[in-house]
Amino acid sequence: MLESILFFVGVGVACFVAYNIGGATTGPAFAPAVGAAVVTKVIAAGLMSVFFFAGAWTIGRRVVDTLGQELVRDPAVFTLPASIVVLFFIGGALFVGNVFGVPASTSMTAVGSIAGLGLASGQLNWAVMGEIVSWWIVAPIIGFWVAGMIGRYFYVYLDNFIAIDQTDGPLVEFDRRGGVPRPVLGPGTTRRELIGSSVVVGIGCVMAFGSGTSNIANAIAPLVGSGQLDMNVGIVIGSVAVAAGALTIGRRTMETLGNDITHLPLTAAIVVATISSLLVIGLSSIGVPASFVVIATMSIVGLGWGRATRTTKVADSVQGREAPRASVGALAADEETATVGDPTISVESDPDPIGEEEPEEVPAASELFDPSTTARVVIMQNVVPIFATIGSYATFLLFFGVR
Amino acid sequence: MISRVLVAMDDSEMGERTLEYALEAHPDAETTVLYVVGGPSTMGGQATGLALSADFEEATDDLAREVFESAREIAAEHDAEITTEVQVGHPVRVILNRADAYDTVVIGAHTGSVADRLFVGNVAEKVFRRSPVPVTVVR
């Protein structure tokens, strides 16, 4: 009797975690598409649910295996009470992150909480843990590098290609003159608008898929790992809870994104989403739970850094695409890589070809990025997962006497 | 005699109180309101958004507009004239950089946001410790 009550509590907490994941992920994935009025919020939530499930069903189960069976040497440590405690830490981290606006990777928190259980019971598989943590270091560096290259060399072209100039009327209409309805461009719809809109929706779907591959494990791995819940049943239940979250809290997060990604121009958001989703899907397919928040942050910083330190081409200035003064800063950054972020040097040595204002009054793009700031941001993103790890370890050591 | 005051403002309620205090404490001084944009944020979005903007100057002005509007309202209530200045970079570095040109710096104790405390750190504390001129921390 007690056992079955505990089982339902466990499934309930797992659903709560999945529900919050649905709410938290829909915003970043579909806010650009909803913001550009390409799809409605309900359609966005629907796409989120479908692609999350697809990701969870196909690739997500590999991560469930890693978290539920490989990270701890003996999955039997996932007793029902232990699973519930682990899930509470994951849910609590999601909650704290949302309330205080501190982005925290759900996967890192999940690995941390399970590692805490593994440590306390002496069942932690250090080899698996080491592999996961190495990827947490390598993947963001790859994200930074790829985004940096794009920011430096390709961003302008992408921006031209993707730009959405909204026109009135539906994007696509159906031409019913023939026997079979045939889609044609809506009134005023340009080809570029159609491409841009499709890209925005498409990338939202890819992000939803990626979220499914890595996040389903965070909700169901403890229950599936110990065999209390069947893998397929777990994936379905988890995905339904994610869909509920996408339809309820997700609709709100699409509007009022307390998310830093909203500061990005549309093209940048697409670039960042593409890089980070592909990395997350790649890691999930080798069974590694990925830290989306850190990867996305390093991609964002890489993109901006690559852009701020680019070599400005003459053609850009002639077309008036670049503010000349911003390029002064960028050029200075190029010449004096070591001094990027050192205001005194870049301000004093900047030639001011226009000479319309005092150099010290001129904001420079090169001021925006310095390694210590970025390091601090990434370290702080680890605060919640670290607290979850310590909290989980202490809880299991003190109250469960699992050793 | 304090004749030039630098008020470091942000978009929090504390930022408004800081300017009010500065105008009351130094009614006859020339007051400059400094707002720093593109500093550390939870995912680095603001800095990158600025770096990618087509018109850097316009983008920084856009980010500062709201804060400066409320600053001018507060100044009007106090019958004071203020100069506004927007800069980019880490707030601590920018404020310390500009402090030299003024007699004193007035700054709020904190923004009241947990994320700011973690991701930016306490700006007032660092400015207070390293400023070349006297600093007033408004609470």
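Summary of computed values
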read-out: Protein-only accessible surface order, largest first, of A:T267, B:T111 at 1.4 Å; value: B:T111, A:T267
read-out: Region B:5-72: C-alpha gyration tensor shape, a/c 1.5 cut-off, then a/b vs b/c; value: prolate
read-out: Accessible-area ranking of B:H110, B:H90, largest first, probe 1.4 Å; value: B:H110, B:H90
read-out: Mean Cβ count within 10 Å, highest first, over the residues of peptides A:282-292, A:31-41, A:122-132; value: A:282-292, A:31-41, A:122-132
read-out: ³J(HN,Hα), Karplus 6.51/-1.76/1.60, whole Hz, each residue of region A:82-98, x for Gly, Pro; value: 5, 4, 5, 4, 4, 5, 5, 5, 5, x, x, 5, 4, 5, 4, x, 6
read-out: List A:D65, B:D11, ordered by accessible area with a 1.4 Å probe, largest first; value: B:D11, A:D65
read-out: Share of alpha-carbon pairs per 5 Å distance bin for region B:4-138, given as whole %; value: 2, 11, 22, 24, 21, 13, 6, 1, 0
read-out: A:R251 accessible area, assembled protein chains, probe 1.4 Å, Å²; value: 100
read-out: A:D230 - accessible surface, heavy atoms, 1.4 Å probe, Å² rounded to 10; value: 90
read-out: B:V114 paired with A:R192, simple spin-label distance in nm, labels 7 Å along Cα-to-beta-carbon; value: 4.4
read-out: Loop GluC sites (Glu not before Pro), region B:39-124 (other Cβ atoms within 10 Å of the site Cβ: 16 or fewer; DSSP); value: B:E81
read-out: Over region B:36-139, relative contact order from alpha-carbon pairs under 8 Å, at least 6 apart, %; value: 29
read-out: Region A:41-111 - Rg and Dmax from Cα coordinates, angstrom; value: 14.8, 43
read-out: Nearest-10 value in Å² for the accessible area of B:V86, using the 1.4 Å probe; value: 20
read-out: Spin-label pair A:V236/B:R65, simplified geometry with 7 Å Cα→Cβ offset, distance in nm; value: 5.2
read-out: Potential extension, A:S285-A:F7 segment - 0.36 nm per residue separation minus Cα distance; value: 97.2 nm
read-out: Cα centroid of region B:104-133 to Cα centroid of region B:1-32, whole Å; value: 15
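The values are calculated or read from the model by the stated rules, or taken from the named source; none is laboratory data. What you see is a predicted model; the values in this text were computed from it and never measured. Note that each Cβ is placed from the backbone with ideal geometry, even for glycine, and that neighbours are counted across all protein chains shown. The protein model used for the area step is the full one, side chains on, heavy atoms only, and it has no ligands, DNA or RNA in it. Shrake-Rupley method; radii C 1.70, N 1.55, O 1.52, S 1.80 Å.
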